[in-house]
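Below you'll find the structure, written out as structure tokens, and then a few comments.
The values are calculated or read from the model by the stated rules, or taken from the named source; none is laboratory data. Quantities reported herein were computed from a predicted structural model and do not represent experimental measurements. As a convention, Cβ positions derive from the backbone with ideal geometry for all residues, glycine included, and neighbour counts pool all protein chains shown.
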2 protein chains.
Amino acid sequence: MGKSKHITWHASEVTKSERQQRNQHKSAVIWFTGLSGSGKSTISVALEKALFAQQVHTYRLDGDNVRHGLNQNLGFSPEDRKENIRRIGEVSKLMADAGLVTVTAFISPYKADRDAVRHLLDEADFIEVYTACSLTECEVRDPKGLYQKVRSGEIAEFTGVNAPYEAPTEPEIILDTETLTVEASVSKILDYLQKHQYINTAQV
Amino acid sequence: MGKSKHITWHASEVTKSERQQRNQHKSAVIWFTGLSGSGKSTISVALEKALFAQQVHTYRLDGDNVRHGLNQNLGFSPEDRKENIRRIGEVSKLMADAGLVTVTAFISPYKADRDAVRHLLDEADFIEVYTACSLTECEVRDPKGLYQKVRSGEIAEFTGVNAPYEAPTEPEIILDTETLTVEASVSKILDYLQKHQYINTAQV
């Protein structure tokens with residue numbers, strides 16, 4: 001239980017179940033993982049918009065609102081990457097408890113770190129979405145100009161080039177972003193959420 | 001902007017304003033501060049329940065879901081206390097951005113740390129609630145048996161006894177918990193939220 005043995009608490013009188021009932025959808029953490037340039041950000045933005053349009057209470061965690069806020073004191077060492085993902089996992093857990101469908105868009109290169117988040121969350125809350133795309137294609141896209149900076153030496157270490165990316169072995173959803181459009185990718189996720197009754201099919 | 005200069009992002013296409021409109025109430029962070037035993041937990045639990053009953057999308061952060069989760073790697077040194085409050089502030093900001101009324105119940109003894117959270121949040125999102133109660137009365141109540149452990153030497157440092165508590169100078173709400181009941185305390189906060197149009201008076 002960590003360092004705080006003298007912490008006790010009062011249990012909340014509003015339960016996760018009551019929040020889900022009120023919201024008319026289940027909580028979930030839709031966890032994107034994939035190389036830089038594989039489509040995580042673009043698809044997650046479109047997904048959040050589509051979920052909101054369907055009356056789902058949703059929120060997206062990304063580099064903007066996390067790396068520059070909660071995790072601004074973390075760098076990119078393996079240890080810091082692990083702590084980065086751990087904190088995002090803990091925040092996702094709080095948001096799931098609050099009844100939200102949280103969408104996260106981080107490279108999250110290490111399988112062990114993603115699995116730790118999966119086990120941290122309540123069962124079935126974790127939906128791993130792998131944006132599968134070859135390094136070659138990601139480098140061609142290079143939407144942020146990062147691969148170019150790696151090749152020119154401006155960035156020393158980069159996932160997929162000279163730092164490991166461990167692809168998920170059993171993700172809930174695989175999006176082949178070399179062939180699927182953004183719209184088709186969003187549809188595939190929405191279909192999954194409806195089929196598994198996270199969101200109310202009748203509302204769609 | 002912290003350590004991550006190569007982080008860029010896609011802006012969310014769902015705004016805080018749209019979330020607030022959907023929820024029919026404003027976002028807010030209702031930040032309790034006060035000595036151990038002053039009533040933070042009890043009142044915050046009752047407040048969350050009352051807000052939920054009024055169709056407000058609300059969530060409570062407390063020692064349970066934060067100290068044992070996100071902040072489990074923090075202790076009670078001044079530096080760790082500061083980081084504890086910083087992270088809670090950052091999570092509150094994310095939840096405010098997600099459209100929630102977040103209720104936090106932590107001693108948060110240092111004025112500078114609370115003020116940092118106030119300035120981190122969007123203007124008017126921070127509502128500081130001071131549960132004012134004398135140390136003598138808190139020691140008599142001692143709901144968690146902590147003051148006894150301090151007096152017996154089992155706990156070395158404790159806020160209000162031999163570690164500082166800096167009372168707020170201009171909190172939005174002061175609750176004199178030596179005289180106010182829990183119900184009256186909750187009412188006072190709800191009145192404030194209605195008067196300042198955080199929640200819709202018509203819904204009450």
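The numbered conditions (1) touching a helix residue (DSSP H, G or I) at 6+ places or on another chain (Cβ under 8 Å); (2) without any contact (Cβ under 8 Å) to a residue 60 or more places away in the chain; (3) surrounded by 15 or more Cβ atoms within 10 Å (Cβ to Cβ) are all true for B:Asn162 except (3). If you go through segment A:128-157 and keep only what is surrounded by 13 or more Cβ atoms within 10 Å (Cβ to Cβ), assigned to a loop (DSSP other than H, G, I, E, B) and of a type in the set (Asp, Glu), you end up with just A:Asp142. Restricted to strands (runs of 3 or more DSSP E) entirely inside segment B:1-108, those with at least 2 residues that are more than 9 Å from every other protein chain (Cβ to nearest Cβ) are B:28-33, B:101-105.
Taking the criterion of being farther than 21 Å from A:Glu157 by Cα, surrounded by 22 or more Cβ atoms within 10 Å (Cβ to Cβ) and of a type in the set (D, E, K, R), the residues of segment A:43-84 that qualify are A:Glu48, A:Arg60.
Within segment B:55-90, the only residue that satisfies the criterion of being closer than 20 Å to A:Gln20 by Cβ, at pLDDT below 95 and polar (S, T, N, Q) is B:Asn65.
Summed over segment B:165-183, the residues that are surrounded by 15 or more Cβ atoms within 10 Å (Cβ to Cβ), touching a residue at least 24 places away in the same chain (Cβ under 8 Å) and either touching a Phe, Trp or Tyr at 6+ places or on another chain (Cβ under 6 Å) or hydrophobic (A, V, I, L, M, F, W, C) (or both) give a count of 6.
In segment B:181-202, what count of residues is obtained for those that are among the aromatic types (Phe, Trp, Tyr) and assigned to a helix (DSSP H, G or I)?
1
Testing A:Asn200 on (1) away from chain B (no Cβ under 14 Å); (2) touching a Pro at 6+ places or on another chain (Cβ under 8 Å); (3) polar (S, T, N, Q), one condition comes back false. Which one is that? The failed condition is (2).
Mind checking whether some residue in segment A:90-103 is among the hydroxyl-bearing types (Ser, Thr, Tyr), surrounded by fewer than 19 Cβ atoms within 10 Å (Cβ to Cβ) and closer than 17 Å to A:Phe32 by Cβ? No: zero hits.
If you filter segment B:117-158 down to residues that are in contact with a Lys or Arg (Cβ under 7 Å, 6 or more places away or on another chain) and at pLDDT 95 or above, you find that the one that is nearest to the other protein chains (Cβ to nearest Cβ) is B:Leu120.
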